[in-house]
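Enquirer: Would you mind keeping the following structure in view while I ask a few things?
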Amino acid sequence: MSIATTQKKGFGAVLWDYLTTVDHKKIGNMYIAAGAFFFLIGGLEALIIRIQLIKPENDFISAGLYNEMITMHGTTMIFFAATPILIGFMNAIMPLQIGARDVAFPFLNSLGFWLFFFGGVLLNLSWIFGGGAPDAGWTSYAPLSLQSPGHGVDFYVMGLQLSGAGTLMGGINFIVTIVTMRAPGMTYMRMPLFTWTTFVTSILILFAFPALTVGLFLLMFDRMFGSAFFDVALGGNAIIWQHLFWIFGHPEVYILILPAFGIFSEIIPAFSKKRLFGYTSMVFATFLIAFLGFMVWAHHMFTVGLGPVANAIFAVATMAIAVPTGIKIFNWLATMWGGSITINSAMLWALAFIPSFTIGGMTGVMLGAASADYQYHDTYFVVAHFHYVIVGGVVFGIFAATHYWYPKMFGRILHEGLGKLSFWLFFIGFHLTFFIQHFLGLMGMPRRYWVFLENQGLDTGNLISTIGAFLMGLGTIVVLINVVYTAVKGKKVSGDPWDARTLEWAIPSPPPEYNFKQLPLVRGLDPLWIEKTEGKGKMTPAEPVVDIHMPNGSIYPFIMTIGFFIASIGFIFQVDNNVWLLAVYFGMALALGTMVVRSLKDDHGYHIHKEDLEREAD
Amino acid sequence: MNNENMNIDKINSFQKQQNKEEMKKQIITFVLMIAFTVVAFAVVASGLEAIYAVPLILILAVVQVGFQFYYFMHMKDEGHEVPAALIYGGIWVAILVALTMATIIWW
């Protein structure tokens, strides 16, 4: 089967291949492609928000539509753009970094992707079928989310529930993969930092997402089945939603930023030609951030009225996170210090990340001071802060990873000139957009407001911010052009175009479906670099050439997801008409029935035979 | 190779010994767990005041969960460090949540 990869396939065959694939690399590509699609949608929504705010008392869009825009921008960017693109890179790269042939549960991997994708589709269908998109903010606080008319918030609940289940599966899968499938000699303390952050991120997903699931269930029952968990008039408590949401929501921001930290910890050593400074402290800091990340969620709720004791505890815990993060910043700087630095597109994003993220970190400590937070709360200062950490950290990380790993994933290298152009457009646009928002916030401009009044000193700042947003849009378009250009005319590259250090560069680009013909023997941190310094240049095999066991592709994950998707639509509309319950029954029957079939039918996979492997030239 | 063949009886008898020990432990924990369950029911049946009965039953439950994980699910054996760490991490998160809900919201 592996031999046939070179021959051309028809469109139908390719489509079927992707619908049924359980290959971690193809699933990774799909995660990234789908995430990029949602990133563009979220970006368009951001531009519409900025056009509305370009001048005082603008009426580009109505107040109601504005609420839908801010809600969908936030929800799309966090759940359907940033998270899946990072999970895509984890899928595509992490198994290669630890010398594995696939993830531990390839079937589950596919199911996770389709659940995420259809969750995103469901959420965006609300524009057409929901009588308006969700409009209660990405945090969807009760009781606002209970009052919201139409089906918008119902789509939010079911869409996030679907994709949340998918993300949880992905997290469990990565944990098991890293614990059980490392190549011979790949001890924990020899794992690359991106693998480490994938591992810690997966643990965060495992512990944080259940809180979201519970919160969404309660909200679903309140909205659809007449319960009163958040209804104060009937003895409920609206604050419970805020706690559940942020118990999930704060670890979620570390779920986003830790993989980005991992990406930079790969790129900076590779282009500084030095081993990562303070590897052990980097691992330790990653764990410390994850640990503290679970004890700070109420800093989103300082003004709720938790009382001075609770506020003080959460303020101290919040500021403590600056310590491990600072360790990381200094380690990156020290890695570059005295290194032989190459500045290309990937490295540019990494270099720009350090000051940008540090600004976001500092405003984070400012916001963490509970008493001062009463002044900042719900102003543009907060908006500026979290865009500095999420764009300046996560999005820069995603762009850096795109430039760094594109050759590994597709065998072609992105155009340097276009890469640099997109970087400068986006980088300048980013700081134009968000730096000024700190001051807009300090001057008292509240977030999520549809309009602002003229002559309050907010006019120029908002105009600058909008101009910056368009530059970011241009930068993103240049990245897209770069990808298309590279697909058509890009330069083909060898397995190791960057002269890099870690295991993924020891195999051809793009990797064959079995990744490693023979599992490599890992002799230390940066295993490929060790072999290079000792003059060998390639990995020593840890096993003879033997038959490779591969999992079969399967359409079941797709069918199960369709089932849950239909059931979700049924849940949303059964409020209007009981007939929709038929969709619930049919969808659940389809999904559960497919699970039964999958459980009862044995599928032992197939083998790529030794003779075929030997025939392939390396 | 010869050496291994010669030693195989020894290995077998060692393995047998191990299995026997393991079985003994399994049976002891099993009996204890049954006993704990009986005690829990007896406490309720005896009409002990709730303020004593509830903590007592909870303690019995926690010990039973421990037996379950460590003996029946082999967490005491080698190679279970990562699952153990993850379980304790999850317990930690759950305690934090319960503590917050109890103190901040419902106090």
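The values are calculated or read from the model by the stated rules, or taken from the named source; none is laboratory data. No experiment lies behind these values; they were computed from the predicted model shown. Every residue, glycine as well, gets a Cβ built from its backbone with ideal geometry; the counts of neighbours run over all protein chains shown. Ligands, DNA and RNA are stripped out before the accessible areas are found, and what is left, the full protein with its side chains, is counted by its heavy atoms. Shrake-Rupley method; radii C 1.70, N 1.55, O 1.52, S 1.80 Å.
Enquirer: Over the stretch A:494-587, one equal point on each Cα, no solvent: what is log10 I(q)/I(0) by the Debye formula at q = 0.13, 0.18, 0.19 Å⁻¹?
Expert: Debye output, listed in q order: -0.61, -0.83, -0.89.
Enquirer: Enter the accessible area of A:Leu292 (Å², nearest 10), with the probe set to 1.4 Å and all protein chains included.
Expert: Accessible surface of A:Leu292 is approximately 30 Å².
Enquirer: With just the Cα atoms of chain A, tell me how far they stretch along each of the three principal axes, in Å, largest first.
Expert: 71, 62, 48
Enquirer: Taking Cα centroids, how far is the stretch A:284-315 from the stretch A:498-518 in Å?
Expert: 41
Enquirer: Per residue of the stretch B:42-59, what does 6.51 cos²θ - 1.76 cosθ + 1.60 with θ = phi - 60° give for ³J(HN,Hα)? Whole Hz please, x for Gly and Pro, Karplus curve as stated.
Expert: Listing the rounded values in order: 4, 4, 5, 5, 6, x, 4, 4, 4, 5, 8, 5, 5, x, 4, 5, 5, 4 Hz.
Enquirer: Considering only C-alpha atoms, what is the centroid distance from the stretch A:378-406 to the stretch A:471-493, in Å?
Expert: Value for the Cα centre distance between the two parts: 20 Å.
Enquirer: Where a ≥ b ≥ c are the square roots of the eigenvalues of the C-alpha gyration tensor, would you call the stretch A:49-101 rounded, which needs a/c under 1.5, or, failing that, prolate if a/b is larger than b/c, or oblate?
Expert: Taking the square roots of the gyration eigenvalues as a ≥ b ≥ c, the stretch A:49-101 is prolate.
Enquirer: Could you tell me which trypsin sites (Lys or Arg not before Pro) in the stretch A:482-530 are loop residues by DSSP with no more than 16 other beta carbons within 10 angstrom of their beta carbon?
Expert: Taking the stretch A:482-530 and a limit of 16 other Cβ atoms within 10 Å, the loop trypsin sites (Lys or Arg not before Pro) found are A:Arg523.
Enquirer: Only loop residues by DSSP count here, and only those with at most 16 other Cβ atoms within 10 Å; note down the chymotrypsin sites (Phe, Trp or Tyr not before Pro) in the stretch A:25-133 that meet that.
Expert: Answer by residue number: A:Phe60.
Enquirer: Within the stretch A:224-299, list the chymotrypsin sites (Phe, Trp or Tyr not before Pro) lying in a DSSP loop whose Cβ has at most 11 other Cβ atoms in a 10 Å radius.
Expert: The qualifying sites are A:Phe225.
Enquirer: Can I ask one more? Once Rh is set to the Kirkwood radius over Cα pairs, what Stokes-Einstein translational diffusion coefficient, in µm²/s, holds for the stretch A:1-150 at a temperature of 37 °C and a viscosity of 0.692 mPa s?
Expert: It diffuses with D of about 187 µm²/s by this estimate.
Enquirer: To continue, here is another question. Once you have the Kirkwood Rh of chain B from its Cα pairs, apply Stokes-Einstein at 10 °C and 1.306 mPa s and quote D in µm²/s.
Expert: Using the Kirkwood radius from Cα pairs, D works out to 90 µm²/s.
Enquirer: Continuing with the same structure: Projected area of the stretch A:378-501, taken from the Cα convex hull and averaged over every viewing direction, in nm²?
Expert: Projected over every direction and averaged, the Cα hull of the stretch A:378-501 covers 8.8 nm².
Enquirer: With all protein chains present and a 1.4 Å probe, how do A:Ser62, A:Ser281 order by accessible area, largest first?
Expert: Descending accessible area places them as A:Ser62, A:Ser281.
Enquirer: Please compute the modelled spin-label separation between A:Leu44 and A:Phe221, points set 7 Å along Cα→Cβ, answer in nm with one decimal.
Expert: Between A:Phe221 and A:Leu44, the label points sit 3.8 nm apart.
Enquirer: Let me ask you something else. Here is the link list: A:Lys26/A:Lys420; A:Lys9/A:Lys601; A:Lys273/A:Lys538. Which ones come out longer than 22 Å on Cα distance?
Expert: Too far apart for the 22 Å limit: A:Lys26/A:Lys420; A:Lys9/A:Lys601.
Enquirer: Return the inverse of the average 1/r over all pairs of distinct C-alpha atoms in the stretch A:216-284, which is the Kirkwood hydrodynamic radius, in Å to one decimal.
Expert: Mean inverse Cα-Cα distance, inverted, gives 15.5 Å.
Enquirer: While we're on this one: To the nearest 10 square angstrom, how much accessible area does A:Met295 have with a 1.4 angstrom probe?
Expert: Surface open to solvent at A:Met295 totals about 40 Å².
Enquirer: Quick one: order A:Val179, A:Val597, A:Val316 from most to least accessible surface, probe 1.4 Å.
Expert: These residues rank, largest area first, as A:Val316, A:Val597, A:Val179.
Enquirer: If the viscosity is 1.567 mPa s and the temperature 4 °C, what Stokes-Einstein diffusion coefficient in µm²/s follows for the stretch A:192-342 when Rh is the Kirkwood radius over Cα pairs?
Expert: D = 75 µm²/s.
Enquirer: While we're on this one: Could you sort A:Glu252, B:Glu81 by their accessible area in this structure, using a 1.4 Å probe and putting the largest first?
Expert: So, going from the largest accessible area down, we get B:Glu81, A:Glu252.
Enquirer: Taking a cut-off of 23 Å between Cα atoms, list the lysines near B:Lys24, but don't count ones fewer than 8 places away on the same chain.
Expert: The qualifying lysines are B:Lys10, B:Lys16, B:Lys76.
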